[in-house]
Amino acid sequence: MAIGTRRKKIAALRLRAKTVHDIKDAKYLIKRLPTKPDKLIADKGYDAEWLHRYCHNLSMEAVIPMRDYGNKLIYRGKSLRRQCRKNFSKRTYHRREMSESVFSSFKRRFGPSLSSVKISAQRAEVYCRAIAYNIICCFSGLFQRSPQE
């Protein structure tokens, strides 16, 4: 899932039949965002040179902490990963906590498991849940109590 941290809504989503690492879906999710974000915030699992280059080509700042590979040198030459490490902002990176709270809220509202068996039905179920989550967030913001003075 790609989450907008300003409004805490699900912006893009992809479901796969087989389990693979989430980084495989990074390009897909970025392409399907309704608006181009200024920054991509992700955890260490998304630290890859190709993703940093992809974000750089789209004029996006990648805020991803650098993985520690020990003494091994992984990428030699002009690395965007190293350049991003120099400009890394912890304050910006901690906005990722908002996406974790969206995941938690999503699972609490709709449950952690799916009831469908076929992948096409699972995909439809997850997309419907995501749409319902965004609608509930919109309406709950409208009907919240205002502070009494």
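Laid out as a table, the results:
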{"read-out": "Distance between modelled label sites at L33 and F103, nm, 7 Å Cα→Cβ extension", "value": "1.8"}
{"read-out": "Sequence-distant lysines (8 or more away, or on other chains) whose Cα lies within less than 21 Å of K18", "value": "K27, K107, K118"}
{"read-out": "Rg over Rh [alpha-carbon atoms, Kirkwood Rh] for the range 87-137", "value": "1.14"}
{"read-out": "Amide H contacts of A2 (H built 1.01 Å from N, under 5 Å, at least 5 apart or other chain)", "value": "A11, A12, L13"}
{"read-out": "Those lysines that a straight Cα-Cα span of less than 21 Å connects to K86, excepting residues fewer than 8 apart in one chain", "value": "K39, K44, K72, K78"}
{"read-out": "Spin-label model distance (nm) - D68 vs K8, 7 Å beyond Cα toward Cβ", "value": "3.2"}
{"read-out": "Euclidean distance between Cα centres, the range 82-111 to the range 1-55, Å", "value": "12"}
{"read-out": "At q = 0.14, 0.15, 0.21, 0.25 Å⁻¹, base-10 log of I(q)/I(0) for the range 1-57 (Debye sum, equal scatterers on each alpha carbon)", "value": "-0.38, -0.44, -0.88, -1.21"}
{"read-out": "Spacing of the two label points (7 Å from each Cα toward its C-beta) at I136 and A121, in nm", "value": "2.2"}
{"read-out": "Interchain or long-range residues, amide H under 5 Å from L33's placed H", "value": "none"}
{"read-out": "Inverse of mean 1/r across different Cα pairs in the range 2-142, Kirkwood, Å", "value": "16.8"}
{"read-out": "The chain: most fluctuating residue of R109, R96, R123 per GNM, C-alpha cutoff 10 Å", "value": "R109"}
{"read-out": "Length-normalised contact order for the chain - Cα pairs under 8 Å, 6+ apart - percent", "value": "23"}
{"read-out": "Distant-in-sequence amide H partners of K39 (H built 1.01 Å from N, under 5 Å)", "value": "E61"}
{"read-out": "Rounded FRET efficiency, nearest 0.05, which uses the C-beta distance separating R95 from C128 and R0 of 30 Å", "value": "0.65"}
{"read-out": "CD proxy at 222 nm, helix term only [per DSSP H run n ≥ 4: -39500 (n - 2.57); per residue of the chain; nearest 500]", "value": "-13000 deg cm²/dmol"}
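Quick note: the coordinates plus some simple rules give every number you see, no bench work behind them. All values derive from a computational prediction rather than experimental measurement. All Cβ positions, even for glycine, are placed from backbone atoms using ideal geometry, and neighbour counts span all protein chains on display.
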